[in-house]
Structures are given as structure tokens and as C-alpha cells.
Amino acid sequence: MTVKICGMIIIAYLLGSIPSGLWIGRIFYHKDIRQLGSGNIGTTNTFRTLGPKAGTVVLFMDVLKGTLAASQPYLLGVSHSVNPLLIGLFASLGHTVSIFDHFHGGKAVATSAGILLAYNPPLFGIACLIFIGTLLLTSMASVASIIGITSIFIIALCERDLILSLVAGILTVLVLYRHKGNIKRIITGKEAMVHFGLGHYLREKDHGK
């Protein structure tokens with residue numbers, strides 16, 4: 001069992017380490033996304049700098065990384081002994097400190113969502129609704145990401161799911177840390193917005209005065 005657990009952890013980390021945005025940008029657009037926009041290799045910066053097609057592919061790939069990583073205990077028939085969330089956590093770690101990107105990486109939001117999809121699909125759906133609703137209200141992907149992961153942590157506490165609470169708590173801290181620059185810009189009113197939603201509308205209306 002120890003060998004299986006070590007193997008799953010290594011695979012989860014390597015899956016999470018796949019720098020989707022970086023590779024998509026290099027292979028299909030001949031651009032280094034780290035030199036564009038915010039410099040982040042995640043979904044949001046891919047959408048902004050390479051377009052919706054690339055952004056959608058990167059989103060799908062980043063979610064899939066987490067889902068595949070967390071699905072390993074189910075696939076090997078050991079989910080009764082090894083909680084999928086604990087294995088999936090290493091995919092999020094890989095995404096933020098990728099061995100394929102000199103131990104740099106993204107902000108772990110989509111990959112963490114993929115872990116939740118493998119563990120609890122209905123809760124994944126709730127997380128998506130919270131994210132989309134917040135995004136439409138604020139027009140800020142960073143705010144939607146922070147509120148989304150924090151909401152799952154709170155729900156897990158309310159449901160008294162100890163392992164989910166632990167993993168969601170760790171991921172909440174990780175996401176907050178990775179978004180520290182965004183948080184500063186949110187406070188100062190300088191955070192970038194997507195080109196839709198109430199927040200974007202109000203900012204444009206204010207600038208039009």
C-alpha cells in the first residue's frame with residue numbers, strides 16, 4: 001500500500017505540474033505567456049492574452065489534471081483506505097510549483113476545482129455556480145476564485161467533512177497567498193476586470209462621466 005500511495009502522489013504531482021498555459025502558448029501561438037499580461041500561466045491570463053479558444057482549452061486541461069490525480073484511489077480500488085482529496089492535493093501543489101516550469105506555476109484554482117469534481121461532483125457544481133455568480137457581480141476572476149474556494153471550505157466545515165475541511169483549508173491559504181498581489185490591487189481599485197458583468201459595467205459607466 002505504501003508503494004501505491006507514493007506512486008499516486010508522484011503521479012498527482014507530475015499531472016499538476018503540466019504547465020498547460022505555457023505549453024499551449026508555445027506550441028500553437030509561439031508566445032511565452034509568462035511574458036504577457038500578468039505573467040501567470042493559468043486560465044485567466046490565457047484568456048486575456050491568447051483568446052477564448054486557448055483559455056477554454058487551458059481551463060479544461062487544468063481541471064482535468066486535478067480530476068485525474070484525485071481519481072487514482074478510485075481507479076486502483078483503494079479509495080476506502082486512501083482519501084482521494086489527499087492525493088489530489090499534490091496536483092495543486094504541482095500546479096503552483098511545477099517541475100516543468102522551474103518550480104513556478106499558476107494559482108491552483110482550476111486544478112483544485114478538478115480535485116473537487118472527482119471527490120464530490122454536486123459540490124463541484126455548487127462551487128461553479130458561486131464562481132460564476134461572483135464573477136458576474138464583480139467582473140474579477142480573482143475575487144470569484146477567492147470566494148469560491150473559501151465557500152467550499154465553509155461548506156465543508158458545516159458538513160463536518162474533516163478531510164475536505166483540511167484540504168479546502170490548505171487550498172484556501174494557498175489560493176490567498178498566490179493572489180496576494182491581486183488582493184492589493186482589489187483594495188486599491190486597480191484590479192483588472194473581465195469585459196462583462198456588473199463590476200465592468202459600473203467601472204465603464206464611472207469612467208464615462
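Just a few scattered comments:
- 3J(HN,Hα) along the range 174-183, derived from phi through the Karplus expression 6.51 cos²θ - 1.76 cosθ + 1.60 where θ = phi - 60°, amounts to 4, 5, 4, 5, 5, 9, 4, x, 5, 4 Hz, with x in place of Gly and Pro.
- Cross-link pairs exceeding 26 Å in C-alpha to C-alpha distance, out of K4/K107; K107/K190; K4/K180; K107/K205; K4/K53, comprise K4/K107; K4/K180; K107/K205; K4/K53.
- Relative contact order, percent, the chain [alpha-carbon distance under 8 Å, six or more residues apart]: 19 percent
- Integer Hz, Karplus 6.51/-1.76/1.60 couplings in order for the range 185-201, x for Gly and Pro: 6, 5, 4, 8, x, 10, 5, 5, 10, 6, 8, 7, x, 5, x, 5, 4
- Global form of the range 2-207, assessed from the alpha-carbon gyration tensor, a/c cut-off 1.5: oblate
- In degrees, nearest ten, helix 52-75 long axis to first principal axis of the chain (Cα): 20 degrees
- Separation of the Q35 and T56 label points, Cα + 7 Å toward Cβ, nm: 2.8 nm
- Between helix 141-159 and the chain: long-axis angle, C-alpha atoms, 0 to 90°, nearest 10: 40 degrees
- Folded to 0 to 90 degrees: helix 84-96 orientation relative to the chain principal axis, Cα: 40 degrees
- Taking amide H atoms as placed 1.01 Å from N in the peptide plane, the amide H of S98 lies under 5 Å from those of F103, H104, G105, each 5 or more residues away in sequence or on another chain.
FYI, it's all coordinate maths here, none of it is from the lab. Here the structure is a predicted model, which is why all the values come from computation and not from measurement. So basically every Cβ, Gly included, is an ideal-geometry build from the backbone, and we count neighbours across all protein chains shown.
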